[in-house]
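Report on the structure given below.
The values are calculated or read from the model by the stated rules, or taken from the named source; none is laboratory data. Bear in mind the structure is a predicted one, so any value in this text is a computation, not a measurement. Virtual Cβ from ideal backbone geometry, glycine too; neighbours counted across all protein chains shown.
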Amino acid sequence: MIYLSKEAHNEKVKSILFLMPCHATPYYSALHYNLPMRFLDCSPSEERGIPDESDRFMMDPNGFASELAKNWSAPSHIVLFDSEEKLLRNFLTSHSFREMRRFFHAHFKVDRELQSSVVIYAVTNL
């Protein structure tokens with residue numbers, strides 16, 4: 001988040017989409033800029049067995065991202081774990097995003113898949 005905070009200070013960040021499990025980043029508390037940011041919702045459903053947005057993304061990253069992109073105002077930056085990046089690389093490049101930075105996250109499986117790196121992509125046509 002320090003990287004994004006510095007980029008925001010230099011006016012290179014307009015909005016951020018976090019394609020990560022809920023609460024995987026410190027969000028505004030580390031960014032210190034009032035920017036539009038969106039993370040995947042993990043509010044429990046009132047109906048049993050209905051997966052939340054975060055779970056739906058983890059079950060089908062490409063399908064979820066493609067559906068999301070139909071109605072989005074494209075963010076300037078997307079943040080995700082490398083385990084999902086591998087699955088979304090074609091989606092990201094087809095929407096004019098390129099990798100800007102990669103940060104170490106963990107040596108071992110933390111909660112779901114091995115999330116060894118956090119990857120930041122930025123749109124290239126700003």
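From the list Ser15, Ser45, the lone residue that is more than 12 Å from the chain's Cα centre (by Cα) and of a type outside the set (A, V, I, L, M, F, W, C) is Ser45. Within region 1-21, residues that are without any contact (Cβ under 8 Å) to a residue 60 or more places away in the chain and in a loop (DSSP other than H, G, I, E, B) reach partners that are of a type in the set (Gly, Ala, Ser) and surrounded by fewer than 20 Cβ atoms within 10 Å (Cβ to Cβ) with beta carbons closer than 8 Å, at six or more positions or on different chains, in the pairs Met1/Ala30. For region 41-89, the tally of residues that are in a loop (DSSP other than H, G, I, E, B), surrounded by 16 or more Cβ atoms within 10 Å (Cβ to Cβ) and of a type in the set (Gly, Ala, Ser) stands at 1.
The number of residues in region 65-99 being farther than 17 Å from Pro36 by Cβ and touching a residue at least 40 places away in the same chain (Cβ under 8 Å) comes to 5. Select from region 51-83 the residues that are among the acidic types (Asp, Glu) and out of contact with any Ser or Thr (no Cβ under 7 Å at 6 or more places or on another chain) and list them in ascending order. Glu53, Asp55, Asp60, Glu67, listed by residue number.
In region 84-126, the qualifying residues are those that are at pLDDT 70 or above and among the acidic types (Asp, Glu), and the one that is farthest from Ala8 (Cα to Cα) is Glu84.
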